Amino acid sequence: MRPADTILQQLQQTFGAAGFHQQNTVDGIATFWLPAEQVIPVISHLKTSTGLAYRMLYDLTALDERNRQIHNGVPRSSFTVVYHLFSYERNDFIRLKVPLDGDYPSLPSITGIFRNANWYEREVYDMFGIRFNGHPHLQRLLMPLTWSGHPLRKEHPARATEMGPFRLTDEKQDREQEALRFKPEEWGMQRKSDDADFMFLNIGPQHPGTHGVLRIILQLDGEDIVDAVPEIGFHHRGAEKMGERQSWHTYIPYTDRVDYLGGVMNNLAYLLAVEKLAGIEVPDRVKVIRVMLCEFFRIASHLVWFGTFAQDVGQLSPVFYMFTDREKIFDVIEAVCGGRMHPNWFRIGGVAQDLPNGWDVLVRNFVEHFPKQLKEYNNMVMRNSIFRARTRGIGIYTLDEAIEWGVTGAGLRACGFDWDFRKKRPYSGYEMFEFDIPTAIHGDCYDRSYVRVEEMRQSLRIIEQCLNNMPEGSYKADHPLTTPPLKKYTMQDIETLITHFLNVSWGPVMPPGEAMSCIEATKGANSYYLTSDGNTSSYRTRIRTPSFPHMQMVPYISKGYTVSDLLSILGSVDFVLADIDR
């Protein structure tokens, strides 16, 4: 019996057979439909049952099903709420889907089961208008409080040109300004205690320590943080909505701008899901090229984090040295891809073109140059007494807390857990490479830094293996849905020429279905959950980013520390605002 069948049988024995329905998906994730009234008991059972232990809420999202044409036997509904849970013990995802009817449906909140469900449910309410009964503070998260409508509903305009010209009247400006006023009572905060008056302080949205347009409202007792409320959404630009109006192919450049420090790694997370939908298996040469460029961007991203983090705690010079080496990486990227920060070079079924002549010389020069640089940076920052004083014992969380809040990447490994999706759930050929998973034990700002520095060394190992063992073969899969499609017969066969023309101009038509990919991105687990209705564009594009749950945890790990400690905590988290807001 398959694991999915075993889980379904256990759920039916525990809760009864009525309402449970298993769905087969191309990504192989166990997928079950259940009624709304069973959400709380079923999810609680999956989390706490010894044999299951799905202890992490990986993602929570929704779909507007009202325009769906192809249902493939699954329950018909107006909306669907989708839960992705993950079990580290089983190394396994499970997908739960709840069908909802009505224009503005509701279902029970699971914030009492998973603490990180708070923001995910607020996002679903914000984007779809679905209410979660029992949520402690259900209000908009990404859109302004004054926004009209719910952007991911199918009737909401997809372009600004569909919404009429913008006019800022005096009344509108006053209303927007008033909406920005922070009211502590709405968040259950008191303005004073028995022995002190609390002060409320804005950090951001324009502050160098926030690494972008982020606002954090602090409740302070003197200089000690009593509570904090992050306000996100300033970078939100509808990345998921764009996926519904771009073709599968033309959406690739949009992914570059999500974690804008991750470069082609964003392409990979998206394309792995597309290739699952299409049933495309890429050649080994494609896998190794993709891995090599992704690891270059991992180092480049970590260099930005390392230099700016040192700057946050008082060291000015490291950022200049590290950005210099980042430019050396971009020289390699530009020579191979033609672009630097946003090369959008990966394609469905392969890469844009083969590696250029002389690529190996550039890569070898960097592999030989960087180890001594990294040793110098380690001595300059990690052994600096001020850096250690500002980061050791600050922003601590345990492994259980990390899993509860959905922390992945270096933050999880800093708690002593050697989990890396490249090792535990290999993708794109990572099983072919030898590298270690760096860990630490204290789960504080310093240990998160230590892990990332060691990760750069491991990335260099992987790049060197790519350099020495680059396979021969094609840079593109021989599959009709590969873009751009193969042109070898287009000058001889008119039908092939027509197919080529349609695939380039309109994009390929993906088979109906759904698939989720998951990669170890620069900041943690990054996923694309794609739903196809058998068309030239995605019916629903869901982007699960690591920075979103990481930022949600910041208030929890900041309480009791000082304002200056908050800047250390923010720097150690290594978030990107566009990765949070999408």
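The H on the amide N of G395, modeled in the peptide plane, is under 5 Å from the matching H of no residue at least 5 residues off or on a different chain. Of all lysines in the structure, the ones whose alpha carbon falls short of 18 Å from that of K241, not counting any fewer than 8 places away in one chain, are K154.
In a simple Cβ point-charge model (Lys, Arg +1; Asp, Glu -1; nothing else charged), the chain has a dipole of about 640 debye relative to its Cα centre. The order of the peptides 20-33, 39-52, 355-368 by mean Cβ neighbours within 10 Å, most packed first, is 20-33, 39-52, 355-368.
In the chain, if the dipole is taken from +1 on Lys/Arg beta carbons and -1 on Asp/Glu beta carbons about the Cα centre, which of M292, A17, L63 is farthest to the positive end? So the residue we want is M292.
Footprinting exposure proxy ranking of Y120, Y321, fewest other C-beta atoms within 10 angstrom first, gives Y321, Y120. On a straight-distance basis, which lysines could pair with K375 in a cross-link, Cα separation under 20 angstrom, same-chain partners fewer than 8 positions away excluded? In chain and number order, the partners are K328. Electrostatic tally near I225: other residues with Cβ closer than 11 Å to its Cβ, Lys and Arg +1, Asp and Glu -1, net -4. 3J(HN,Hα) along the stretch 559-576, derived from phi through the Karplus expression 6.51 cos²θ - 1.76 cosθ + 1.60 where θ = phi - 60°, amounts to 5, x, 8, 9, 4, 5, 5, 4, 5, 5, 5, 4, x, 6, 5, 6, 10, 10 Hz, with x in place of Gly and Pro.
The protection proxy used here, the mean number of other Cβ atoms lying within 10 Å of each residue, ranks peptides 469-481, 210-222 as follows, highest first: 210-222, 469-481. Residue exposure proxy: K287, K488, ordered by other Cβ atoms within 10 angstrom of their Cβ from fewest to most, comes out as K488, K287.
Secondary structure note: in the stretch 3-153, about 75% of the DSSP beta bridges are antiparallel.
Highest mean packing comes first when the peptides 157-163, 529-535, 294-300, 198-204 are listed by Cβ atoms within 10 Å, giving 294-300, 529-535, 198-204, 157-163. Only lysines eight or more places from K424 in sequence, or on another chain, were considered; those with a Cα closer than 24 Å are K47, K276, K287, K523. In order along the stretch 136-151, phi translates into HN-Hα couplings of x, 7, 7, 9, 4, 10, 9, 8, x, 4, 8, 5, 9, x, 10, x Hz, rounded to whole numbers, per the Karplus curve 6.51 cos²θ - 1.76 cosθ + 1.60 with θ = phi - 60° and x for Gly and Pro. From the coordinates of this entry, Cα extents along the principal axes in Å is computed, and it appears in (i) 73, 69, 47; (ii) 85, 62, 58; (iii) 88, 69, 45 under the label (ii).
Each residue of the stretch 374-384 is assigned a 3J(HN,Hα), and the resulting list reads 5, 4, 5, 5, 4, 5, 5, 10, 5, 9, 6 Hz, derived from the Karplus form 6.51 cos²θ - 1.76 cosθ + 1.60 (θ = phi - 60°), x at Gly and Pro.
Throughout, read-outs are computed from the coordinates displayed, never taken from laboratory work. Remember, predicted model here, so these are calculated numbers, not experimental data. Because the Cβ atoms are built from the backbone with ideal geometry, glycine has one as well, and the counts that use them run over all protein chains shown.
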